[in-house]
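Shown next, in structure tokens, is the structure this report addresses.
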Amino acid sequence: MSALHSREGFTARDFLEYMGVLKGIPEAKLKGRIMEVLEFVNLSEVADNKVKTFSGGMKRRIGIAQAIINEPKILILDEPTAGLDPKERIRFSNIISDMGKDKIVLLSTHIVSDIEAIATELVVVKKGKVLEIGNVDELVRKVEGQVWETVVSQEVYQKLRKERSVIHLKQMGKEVQVRFVGEEYPEVQGSRAEPTLEDYYVFAGGIIEENS
């Protein structure tokens, strides 16, 4: 992205032309390719606007456009949606998912909802250790029957959070609505919940911490 920051005075079209020339794309092909990638990242309507006027999400998308303009077979993205607002994150996730149809996309992120929306094969790493390799469904099945939702008093919650991995909580005055993962908690009557990848991630992380 350093090339983008140093060329923010360019229009989107000029920036992609500059990057295309650097990547050796023939002039006869480059003009059409520029419009193809701008359309792909939903920036064709601002092709002649200067990059410095773009929002953070738009700059991420023009960064993707320059990365794919020479049609690479493998693309590596590091925290691509970090710092984006929810609407831009959804748009960006859709773009990444579409790219995965005809190329290998390696995605590094801690935003679990993005992984569920985009990825097919996962490598879960914690503290430099490879914890699991598999697809989303396989990993989620590992926590079936171990995800709970319940409402407890503040006093019980303070004990529960020390003994179980809490996924979500919602303060409700004198009570707390809580989702946790692990064995059923003896002091509460909880109901089993449908597991998600986030539940698996927190559960697996808890195991690593206990064993390390």
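Looking at VAL105, VAL130 in this structure, which one is part of a strand (DSSP E or B) and within 30 Å of LYS29 (Cα to Cα)?
Values: VAL130 fails: within 30 Å of LYS29 (Cα to Cα).
Every option except VAL105 fails the conditions.
Consider the stretch 144-168 and keep the residues that are in contact (Cβ under 8 Å) with a residue 40 or more places away in the chain and under 11 Å from PHE180 (Cα atoms). The one that is farthest from the chain's Cα centre (by Cα) is THR150. Once the stretch 114-139 is narrowed to residues that are touching a residue at least 40 places away in the same chain (Cβ under 8 Å) and farther than 16 Å from GLY205 by Cβ, the residue that is surrounded by the fewest Cβ atoms within 10 Å (Cβ to Cβ) is GLU116.
Looking across the stretch 159-192 at every residue that is among the small types (Gly, Ala, Ser) and touching a helix residue (DSSP H, G or I) at 6+ places or on another chain (Cβ under 8 Å), the one that is farthest from ARG141 (Cα to Cα) is identified as SER165.
Pairs meeting the criteria (first residue in the stretch 15-44 and closer than 16 Å to ILE95 by Cα, second residue among the hydroxyl-bearing types (Ser, Thr, Tyr) and surrounded by 15 or more Cβ atoms within 10 Å (Cβ to Cβ), beta carbons under 9 Å, at least 6 apart or on different chains) are MET35/SER44; LEU38/SER44. Of the listed requirements (1) open to solvent by 60 Å² or more (accessible area, probe 1.4 Å); (2) in contact with a Ser or Thr (Cβ under 7 Å, 6 or more places away or on another chain); (3) not hydrophobic (A, V, I, L, M, F, W, C), ASP102 misses just one: (2). For the stretch 142-182, filtered to residues that are among the small types (Gly, Ala, Ser) and assigned to a strand (DSSP E or B), the residue that is surrounded by the most Cβ atoms within 10 Å (Cβ to Cβ) is SER165. Residue-level check: of (1) within 30 Å of THR196 (Cα to Cα); (2) surrounded by 17 or more Cβ atoms within 10 Å (Cβ to Cβ), SER108 misses just (2). Taking the stretch 44-74 as the range and being under 21 Å from the mean Cα position of the chain (by Cα), open to solvent by less than 50 Å² (accessible area, probe 1.4 Å), within 24 Å of PRO26 (Cα to Cα) and of a type in the set (A, V, I, L, M) as the test, the residues that pass are ILE62, ILE64, ALA65, ALA67, ILE68.
The values are calculated or read from the model by the stated rules, or taken from the named source; none is laboratory data. The structure displayed is predicted, hence computed values, not measured ones. Here Cβ is always computed from backbone atoms with ideal geometry, including for glycine, and neighbour counts include all displayed protein chains. Quick note on the areas: whole protein, heavy atoms, side chains included, nothing else; ligands and nucleic acids left out. Shrake-Rupley method; radii C 1.70, N 1.55, O 1.52, S 1.80 Å.
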